[in-house]
Amino acid sequence: MRALFKVGAVLALAVAATLLIVSALTPDFDCNNVTLIVKEGDTVWSLAERYCTGNIQAAADAIVAEYGTDIRPAQAMRLP
């Protein structure tokens, strides 16, 4: 009985670890690969709020990783 409990505990830990890894690799935002032209007054944050759903901070971070923080009017962007 004790051995069965240990096997169950190990299995539960393995499943939990797998779920943590999968959730860490899955983005918690979606911008639907929107293509846009930056307009006067747009910021990375405002674009993330306007076009993305889910975790806006993670979306803004992904935009910054792709385009940097210096975005300009008339710049074409494809959001992740």
Legend entry - Distance in nm between pseudo-label sites at residue 36 and residue 55 (7 Å out along the Cβ direction from Cα): 2.0
Inset, instruction - List every residue whose amide H lies under 5 Å from the amide H of residue 29, counting only residues 5 or more places away in sequence or on a different chain, with H placed 1.01 Å from N in the peptide plane. - result: 55
Inset, instruction - Would you grab the residues whose amide H sits under 5 Å from the one on residue 34? Only those 5+ places off in sequence or on another chain, please, with H modelled 1.01 Å from N. - result: 79
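Throughout, read-outs are computed from the coordinates displayed, never taken from laboratory work. Keep in mind the model is a prediction, meaning the values are calculated, not measured. Every residue, glycine as well, gets a Cβ built from its backbone with ideal geometry; the counts of neighbours run over all protein chains shown.
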